[in-house]
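Comments concern the structure below.
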Amino acid sequence: MDDRQWSGLTSWLGFGALACNSGLAIYSSWGDAGSVAFVLAADAALLLLFLCLRELERNGGRGRRGGTRIKAAVWTLTTGLTAMFASRVAPLMPPAVGAVVVAMAVATAAAGFWVFFLSS
């Protein structure tokens with residue numbers, strides 16, 4: 001099995017695990033519309049992120065066919081996912097730890113922006 005086939009197999013296994021986990025999460029929080037919407041939005045963002053990363057990998061990450069737009073989409077999706085998860089975790093923590101969670105989310109988004117757009 002070459003690297004390309006192995007990568008495709010692991011991607012499908014990962015999506016299968018995500019689907020099972022998401023199904024269980026939706027089942028266990030069925031009465032809470034906000035939690036169900038959170039799971040569905042996170043899954044949609046992860047699927048879009050996977051597709052964007054695959055396209056970015058095909059293009060080599062540089063100028064061809066809208067490389068900057070794909071990088072912007074990847075950064076937007078990762079920043080959105082980071083903000084989504086931080087907004088769910090921070091309220092569960094003591095205030096000081098919640099502030100650290102939010103600060104780390106902001107630092108992660110800023111570092112991603114710097115790596116994608118300012119350092120190259």
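Contact order, relative form, for the chain: 16 percent (alpha carbon pairs under 8 Å, 6 or more residues apart, mean separation divided by residue count).
So if each residue of separation counts as 0.36 nm, and I subtract the Cα-Cα distance between residue 33 and residue 12, what length gain in nm does that give?
Values: separation 21, 0.36 × 21 = 7.56 nm, distance 2.81 nm.
Length gained, residue 33 through residue 12: 4.8 nm.
Between residue 45 and residue 20, the contour length at 0.36 nm per residue exceeds the Cα-Cα span by 7.3 nm.
Taking 18, 92, 47 in turn, the Gaussian network model of the chain (Cα-Cα springs below 10 Å) assigns the largest fluctuation to 92.
Based only on other Cβ atoms within 10 Å, what is the fewest-to-most ordering of 43, 32? Present the calculation step by step, with values, prior to reporting the outcome.
Values: 43 17, 32 11.
Listing 43, 32 from fewest to most nearby Cβ atoms yields 32, 43.
All Cα-Cα separations within segment 3-118 were binned at 10 Å from zero, giving a P(r) of 12, 32, 36, 17, 2, each value a whole percent of the pairs.
The numbers here are math on the coordinates, done by the rules we state, and not lab data. Computed from a prediction, not measured in an experiment: that's the story for all the values here. We place every Cβ from the backbone using ideal geometry, glycine too, and count neighbours over all the protein chains shown.
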